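Okay, structure first, notes after.
The values are calculated or read from the model by the stated rules, or taken from the named source; none is laboratory data. Predicted model only: the values in this text are computed from it and were never measured. Ideal geometry is used to build each Cβ from the backbone, glycine not excepted, and the neighbour counts take in all protein chains shown.
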Amino acid sequence: MKVLSICGSPRRGNSETILLEMQKMFREKGIENEIVLLREKNIERCHGCVEFCNHNPGCRLQDDMKGIIDQMVKADAFVFICPNYFQMPPGLFKDFIDRSNIIFNCNLDPNIKNKKSVVICVGADKPHETDVCTNNIANLYCRYVSTVVATKSFQTKSELKGNLNDVFENSLNPDIKKDIRNLVDLLIG
Ligand SMILES: Cc1cc2nc3c(=O)[nH]c(=O)nc-3n(C[C@H](O)[C@H](O)[C@H](O)COP(=O)(O)O)c2cc1C
């Protein structure tokens, strides 16, 4: 089984830390896991030229989305994670969402809707605030690209310092690890 984790944070922070922890857990169970850091990729904004992708097997734009789409087609399951920005995903993650529309629009992967996914968002506010963002991704995006088996919103203590030292007060706390393990089990179970 191959799990593809897609990280929509523009910085090295909480989202990435959670994915690294999940990667350890996947590997312990012999599951292949690749992490795509969207911040390291060159992803142009969708131009909305559906007259092209409605009639061609792909996107007119030539950038790193081509490789990410290939990885999605080859994967068996997904973890989608991003921070909560005003109860919405950051533009970086939204650009990924918009550009990945060719997977279903061009039917590049007839099995995409059957692939399991977990959707996670992190935010400074209480988890129920961040749920708005998490549920939008799960309900409005993932219905086209996967079958969501779990969603989770985490409250972080981050002050947006942009480094790893402020992440969950220096490390992931044991409760968060338990939640993450649960998500891993649901995805691969
Ligand atoms: C532009 C911007 C908007 C944000 N809006 C919210 C928000 O509406 N609600 C919230 O809980 N946190 C908000 N945050 C805080 C981030 O969601 C929080 O720091 C998160 O942990 C960052 O994730 P990361 O460490 O993975 O980048 C915002 C941060 C930024 C930079």
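Close contacts from the range 82-94, counting a first residue that is in contact (Cβ under 8 Å) with a residue 40 or more places away in the chain and among the aromatic types (Phe, Trp, Tyr) and a second that is surrounded by fewer than 24 Cβ atoms within 10 Å (Cβ to Cβ) and part of a loop (DSSP other than H, G, I, E, B), with Cβ to Cβ under 6 Å and a gap of 6+ residues or different chains, come to none at all.
The number of residues in the range 93-152 that are assigned to a strand (DSSP E or B), aliphatic (A, V, I, L, M) and farther than 25 Å from Gly67 by Cβ comes to 3. With respect to the conditions (1) within 16 Å of the ligand (Cβ to nearest atom); (2) at pLDDT 95 or above; (3) farther than 16 Å from Phe93 by Cα, Thr17 lacks only one, and its number is (2).
With respect to (1) more than 16 Å from the ligand (Cβ to nearest atom); (2) touching a Gly at 6+ places or on another chain (Cβ under 9 Å); (3) under 21 Å from Lys178 (Cα atoms), the lone exception for Gly30 is condition (2). In the set (1) closer than 22 Å to Ile69 by Cβ; (2) within 16 Å of the ligand (Cβ to nearest atom); (3) not acidic (Asp, Glu), the condition left unmet by Arg12 is number (1). Looking only at residues of the range 101-157 that are of a type in the set (S, T, N, Q) and crowded, with 19+ Cβ neighbours inside 10 Å, we find that the one that is farthest from the chain's Cα centre (by Cα) is Thr156.
Just give me the residues in the range 131-189 being in contact with a Gly (Cβ under 9 Å, 6 or more places away or on another chain) and modelled with pLDDT under 90, in sequence order. Hits for the range 131-189 are Gln155, Thr156, Ser158, Leu160, Lys161, Gly162, Asn163, Leu164, Asp166, Val167.
Only residues that are modelled with pLDDT of 95 or more, in a loop (DSSP other than H, G, I, E, B) and exposed (fewer than 13 other Cβ atoms within 10 Å of the Cβ) were counted across the range 56-87, and they come to 3.
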